[in-house]
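Asker: Dropping a structure here in C-alpha cells format, bear with me for questions.
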Amino acid sequence: MNYLINYWWIAVPILMILLYKIILRILFGMVIIPEDRIGLVTKKFVLFGEFKEMPDNRIIATNGEAGFQAKTLAPGLYFGKWVWQYEIILQPFVIVPQGKIVLILAKDGAEIPTGAILGRKVDCDNFQDAEKFLNSGGQKGRQAAYITAGSYRINTHLFSGIEADMISIRESMVGVVTTLDGHPIEDDQIAGKIVEGHNNFQDIDAFLKNGGNRGLQPQIVLAGSYNINPWALNIEEIPMTEIPIGNVGVVISYIGQEGKDLSGDSFKHGNIMEKGFKGVWNIPYGPGKYPINKYIMKVELVPTTNLVLNWASARSESHDLDKNLSTITVRSKDGFPFNLDVAQIIHIPSADAPKVIARFGNMNNLVSQVLEPTIGNYFRNSAQDSDVISFLGTRKERQQSAKEHISKVLEQYNVNAVDTLIGDIVPPASLMKTLTDRKIAQEEELTFETQKKAQEKRQGVEKETAIADMQKEIVKAQQSVEIAERTANATVKKAEGDATSIKLAVQAEAETIKMRANASAEATRYKAQADSEATKLNANADAEKIVVTGNAEAGKILAIGKSTAEAYQLAVGAMGGDNFTKYKITEEIGKGKIKIIPEVLINGSGGEANPMNGLLGLKLMEMIDATKKDDGGNAKK
C-alpha cells in the first residue's frame, strides 16, 4: 500500500497519454479527424455574441445557428471545438463500388416545384459540400443527380444514399424509356418530344433543362451499361424488331407531325407519309434487325415472296394467315352441296406494301376482307351454274377461269394473283355412292367386254395353233414331194449326165483317132520333107543340123498327133459308128495277140483296088507286129 502511495505520480502521465484527446479537447477544444473519416458537427448552443435563429423550414445550419451544421470537418487537426458546445461524430466516407450508383435524398433545402418529383442538380461537389448545396438553391427530397463509383465525404445529416445497380441492356435488345419527371406531353401526342444532350438519359437534369416530357419517350437505349437514375425513369427491355428474309416491314408511326400525303390522288384508302411523320411511312424496312420502340411505332410484316393461302380445313401454312380459312362448301345447280379445297398464290411487291397496309392495316385484314369473300363467292357462284358431275369434269377450265377473275379483283388492291388451284373436290356421300355404283357397273361392263374379246382372241389363237400344227404336216408332206421330185430329177440328170459323158467320151475317142491319123500323115510328110531337106542341107554346120533335127522331131510329134486325130475323125466319118466300133474290137483282139488273119496283103473285094482297105490292112499288120515280143518278154520294135 505504501508502495502505491509513493508512486502515484506515475499514473498521472499514463492517464494523460491514454486520455490526451479528451484532455486536449477539454483544455483547447482540439479535434483530430482521421484520414478515412469526416467529422459531422452538431452545435449545441450559441453564445450570446453570435446568437442566430434557425429558419423554421430548415434543419441544417449554414450560418452558425445551433443544430446540425452543414459544414463538415475534413481529415485533419481542429481547435476551438469545445466539448461543451460542439458534438463531433466521426463518419466513414461513402464508398460506391464498381457497377453501382448511389441515389441521394436531401433532408433539407428548397421546396421542389409542384409537379416535379426530383430536386434539380446544383454545383455542390457531388454532394460533398452541403453548405454550397443549400446556399445554391438545392432542393430537398430525391435528387436528379447521383454519385457514381468512388469515395465521397458526404454529410449524412443532410444527405442519405441508396445504392442501386447500373442498368444493362443485353445484345439484340433495346430499352424503352418512360420518364417520371418533366413537362406534360402535348395533347395530340402519346410520347414526349425528342430531347438531345442527356447522354442516353444518364444526365436527367440536362433532359429536364432542355424541356423533356415525362412519360413515354420516342428515344430508346441500345445495348450497353448505363448509369440511370431509377427515380427519374423506368426502362423496359424488349427485343429488337426483326424482319425475316422474304418480308418487308411497313412502319406505322403513332407520333410526329402531320405530313404531306404521298399516296397520290387515285389512292383514297389512307395516307402515305415520309419517314419521321405520323402515319404509314412510304419506304418499308428490308430484312434485318431494327431498334424500334414498339409503343410509338408498329412494324407490319408483308411477305414479298409468293404467299400460299389454303382454303382447306386440314391444312395451314407456317405464316398462319390462313389459319381461319376452311374448306369451301358450295351448292350445285341440281341442289347437291359439296366441298372443295382451294389454294390461292399471291404476291405483294415491296413498293406496294405500304399501300396494302394503309388500306387494310395488316395482312390478316387483307385475307379476311378481300381474299376470303372474293374466292369463296366466286366458287359458290360458279358451282350454281353446273351440276356436280359437270363441275368435276370441267375442273381444269374452272380453275383457269377462277385465276383470271381473281387476278382482276386483286389487282385493284395492289396484290398480284399468281395462281388459283382447285384441290380436292368432295361430292355428297349419296351422290358419291351413285357415281361409284355407276362407275363400278361401267367398269364391270368393260370387264365383261374385255373378257369376251379375250375369249375371242383365245379361240382365234387356238384355231391358228391348230392350223399351225396341220401346217407342219403339210409342209412335211410338201417337203417329201419336193425331195422325191428332186431325187427323180437328180436320177434323170445323172442318167443324162452319164449319156452325155459317154457321148463325149466317144466323141473324144473319135477326135483322138482322127488326130492320130493326121499326125501319122503329117509325120510321114514331114519326114519326107526332112529327108529332102537333110539332103539339100547336108553341108550346113552341125549346129544348124541339130536345130533342124529338133524342129523336125517336134513337127513329127505334132504331125503324128494331128494325123491320129484326123484319122479317127476320118475313120468315124468314113466307116460309120458301127464300122468304127468293129475296128476298135479288131484292135483289141490284136492287143490280145490273137492272130485271126494270114500275113498276106489284103485287097479289096471283087479285084478292085481300095485305098482304105489297103490302109486298114497295113494298120492291122503294124498292130499285130507290135505285139510280138522277144524271148526275154520285151516287145520287138
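Quick note: the coordinates plus some simple rules give every number you see, no bench work behind them. Not measured: the values here are computed from a predicted model. A quick note on method: Cβ atoms are made from the backbone with ideal geometry, for glycine too, and the neighbour counts reach across all protein chains shown.
Asker: Return an integer: the convex hull volume of the alpha-carbon atoms of segment 92-246, in Å³ per residue.
Answerer: Numbers: hull volume 17.1 nm³, N = 155.
Once divided by residue count, the hull of segment 92-246 is 111 Å³.
Asker: Report the calculated FRET efficiency for Asp498 and Lys457 (r = Cβ-Cβ distance, R0 = 56 Å), to the nearest 0.05. Could you put the intermediate results ahead of the total?
Answerer: Working: r = 59 Å, r/R0 = 1.05.
According to the calculation, E is roughly 0.45.
Asker: Note down the magnitude of the dipole of segment 121-193 about its Cα centre, charges +1 on Lys and Arg C-beta and -1 on Asp and Glu C-beta and zero elsewhere, to the nearest 20 debye.
Answerer: Magnitude of the dipole: close to 240 debye.
Asker: With +1 on the Cβ of every Lys and Arg and -1 on the Cβ of every Asp and Glu, and nothing else charged, how large is the dipole of segment 167-239 about its Cα centre, in debye rounded to the nearest 20?
Answerer: Approximately 120 debye in magnitude.
Asker: Give me the extension gain from Glu171 to Glu404: residue separation times 0.36 nm, minus the current Cα-Cα distance, reported in nm with one decimal. Walk me through the intermediate numbers first.
Answerer: Values: separation 233, 0.36 × 233 = 83.88 nm, distance 4.90 nm.
Difference between extended and current length: 79.0 nm.
Asker: Now for a different question. What distance in nm separates the two pseudo spin-label positions at Glu237 and Ile117, each 7 Å out from Cα along the beta-carbon direction?
Answerer: The two pseudo-label positions are separated by 2.2 nm.
Asker: Using a 7 Å offset from the Cα along the Cα-to-Cβ direction at both Glu587 and Arg395, what is the distance between the two label points in nm, to one decimal?
Answerer: Between Glu587 and Arg395, the simple spin-label model gives 10.9 nm.
Asker: Let me ask something else. Among rounded, prolate and oblate, which fits segment 283-398 when a ≥ b ≥ c are the square roots of the eigenvalues of its C-alpha gyration tensor, a/c under 1.5 means rounded, and a/b larger than b/c means prolate?
Answerer: Values: a/c = 2.94, a/b = 2.85, b/c = 1.03.
Taking the square roots of the gyration eigenvalues as a ≥ b ≥ c, segment 283-398 is prolate.
Asker: Still on this structure, I have one more. Work out how far the C-alpha atoms of segment 167-239 reach from end to end along every principal axis, then list the three figures in whole Å, largest first.
Answerer: 34, 24, 20
Asker: May I ask which of Lys403/Lys433; Lys100/Lys275; Lys100/Lys121 have a Cα-Cα span longer than 29 Å here? Write out the running numbers ahead of the final one.
Answerer: Details: Lys403/Lys433 31 Å; Lys100/Lys275 39 Å; Lys100/Lys121 20 Å.
Beyond 29 Å between Cα atoms: Lys403/Lys433; Lys100/Lys275.
Asker: Work out the FRET efficiency for Leu47 and Lys107 from their Cβ-Cβ distance, taking R0 = 25 Å, and round it to the nearest 0.05.
Answerer: Numbers: r = 27 Å, r/R0 = 1.06.
For Leu47 and Lys107, the calculated efficiency is 0.40.
Asker: Taking a ≥ b ≥ c as the square roots of the Cα gyration tensor eigenvalues, with a/c under 1.5 meaning rounded and otherwise prolate when a/b beats b/c, else oblate, which class fits segment 104-192? Spell out each step's value before the answer.
Answerer: Working: a/c = 3.09, a/b = 1.37, b/c = 2.26.
Oblate shape, in that a/c is at least 1.5 and b/c is the bigger or equal ratio.
Asker: Quick one: of Lys452/Lys476; Lys193/Lys294; Lys503/Lys527, which pairs are farther than 27 Å apart, Cα to Cα?
Answerer: On the way: Lys452/Lys476 36 Å; Lys193/Lys294 16 Å; Lys503/Lys527 35 Å.
In this structure, Lys452/Lys476; Lys503/Lys527 lie more than 27 Å apart at Cα.
Asker: Please get the size of the charge dipole for segment 355-424, origin at its Cα centre, with Cβ charges of +1 on Lys and Arg and -1 on Asp and Glu, quoted in debye to the nearest 20.
Answerer: Values: 8 positive and 8 negative charges, 44 e Å.
For this selection, approximately 220 debye.
Asker: Pull out the extension gain between Leu446 and Tyr254, defined as 0.36 nm times the separation in residues minus the alpha carbon to alpha carbon distance; nm, one decimal. Show your work: numbers first, answer last.
Answerer: On the way: separation 192, 0.36 × 192 = 69.12 nm, distance 7.21 nm.
Residue separation times 0.36 nm, minus the Cα-Cα distance, leaves 61.9 nm.
Asker: Given points 7 Å out from each Cα along the Cα-Cβ axis, report the Arg315 to Ser350 separation in nanometres with one decimal.
Answerer: Modelled inter-label distance: 3.0 nm.
Asker: Using 27 Å as the Cα-Cα cut-off, could you pick out the over-long pairs in Lys71/Lys209; Lys323/Lys408; Lys298/Lys355?
Answerer: Lys71/Lys209
Asker: Can I ask one more? Name the residue farthest towards the positive end of the dipole of segment 103-231 from the options Ser225, Ala130, Gly119, assuming +1 on Cβ of Lys and Arg, -1 on Cβ of Asp and Glu, about the Cα centre.
Answerer: The listed residue farthest towards the positive side: Ala130.
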